[in-house]
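Chemist: I'd like to ask some things about the structure below.
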Amino acid sequence: MTDFGKDGTIRPIMVLKIALPKGSLEEATYQLFKKAGFNIVTNSRSYYPAVDDPGLEIVLYRPQEMPRYIEDGVVDCGLTGYDWVVENDADVEEIAELKYSKATSRPVKWVLAVHNDSKFGSVKDLKGKKIATELVQVTKRYLKEKKVEAEVEFSWGATEVKPPKLADAIVEATETGSSLRANNLRIIDTVLVSTTRFIANKKSIKDPAKKAKIDNLILLLQGAINAQSKVGLKMNVAKASLNKVIKLLPALKKPTISSLSSDGWYDVDTIIDEAIVRELIPDLRKAGAEGIIEYPLNKVIY
């Protein structure tokens, strides 16, 4: 790919090849990139989404496979779970932790679970038993650390329904635990806690142009994540009520206060956690704030 420089000469454009996760995390990733300023256009039949940045080339990979492809240099970088980096024992550069997921902002937990009717109370009780999981290598290492010999069987899916007939226990990923409870399973231990990671090929990260592109991308993505739980709040406040209103406002630092054209009135602008807005706005109104506006945020850069 080429571009024209200011002097009219043709120059090559550096293109960063980035892999995004195909599957359950896919839509959440598109939304995150949109908030970061990148519009991704997808086709259900294509693994190569378009993006409005000539310096990016996107491909979709299953998170389970992505660390190997990045290690091999098929792409420069990508977003995948820490669980799959560990499972593949991939030799990649971990650049940043990005705390977002398909359902909540909680990390994914890979847990050891058994059927409610079983007598198993700890991993020690599973000696000589069968454990089904997609996270085979991590589970084997976990059992070795616990000094428990058990059979670990790869699960092709529907893992939650396997105990007690097809397996004695499972190691499965969960955010809320609702699916496990729905299938009459109880957790007896946590095997691994995982969040999304931005990882890169070790050779690619040594390229100054690619490193700069990655750094800028992470800055924007983290800014988008920071903004997910926050909103902007602005209001008009008379001078007599200003101190009372300011005391109610928790802010990243301090609220921005500007004089209005009307004497004795101020514009107060701040960023707060969205979770407290519904309690805060009535209190602000009682304290004398007027023209209160709540607005969404795309990015918060600290």
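The values are calculated or read from the model by the stated rules, or taken from the named source; none is laboratory data. The model shown is predicted, which means the values in this text are computed figures rather than measured ones. Cβ atoms come from the backbone with ideal geometry, glycine included; neighbour counts cover every protein chain shown.
Chemist: Out of the stretch 223-238, which residues are modelled with pLDDT under 95 and either charged (D, E, K, R) or within 18 Å of Tyr82 (Cβ to Cβ) (or both)?
Modeler: Hits for the stretch 223-238 are Ile225, Lys230.
Chemist: Could I ask something else about it? Quickly run through the stretch 193-222 and pick out the residues that are under 17 Å from the mean Cα position of the chain (by Cα), assigned to a helix (DSSP H, G or I) and either modelled with pLDDT under 95 or hydrophobic (A, V, I, L, M, F, W, C) (or both).
Modeler: Ile214, Leu217, Ile218, Leu219, Leu220, Leu221
Chemist: Collect the residues in the stretch 251-302 that are part of a loop (DSSP other than H, G, I, E, B), farther than 30 Å from Asp215 by Cα and touching a strand residue (DSSP E or B) at 6+ places or on another chain (Cβ under 8 Å), keeping them in residue-number order.
Modeler: Leu260, Gly264, Gly288
Yes/no matrix, rows are residues, columns are (1) farther than 14 Å from Pro21 by Cα; (2) over 21 Å from the mean Cα position of the chain (by Cα):
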residue: Val41; (1), (2): yes, no
residue: Val51; (1), (2): yes, no
residue: Pro54; (1), (2): yes, yes
residue: Cys77; (1), (2): no, no
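Chemist: Also: Give, as residue ranges, the strands (runs of 3 or more DSSP E) completely inside the stretch 14-101 that count at least 1 residues that are touching a residue at least 12 places away in the same chain (Cβ under 8 Å) and surrounded by fewer than 20 Cβ atoms within 10 Å (Cβ to Cβ).
Modeler: Counting at least 1 such residues, we get 16-21, 56-61, 93-98.
Chemist: From Lys99, Lys140, Lys124, Lys147, grab the single residue that is at positive phi and not β-branched (Val, Ile, Thr).
Modeler: Lys147
Chemist: Same structure, new question: Tell me, yes or no, whether the stretch 217-233 has at least one residue that is surrounded by fewer than 14 Cβ atoms within 10 Å (Cβ to Cβ) and among the basic types (Lys, Arg).
Modeler: Checked the stretch 217-233: no residue is surrounded by fewer than 14 Cβ atoms within 10 Å (Cβ to Cβ) and among the basic types (Lys, Arg).
Chemist: Of the residues that sit in the stretch 54-84 and are touching a Leu at 6+ places or on another chain (Cβ under 9 Å) and of a type in the set (Asp, Glu), which one is nearest to Ile214 (Cα to Cα)?
Modeler: Asp76
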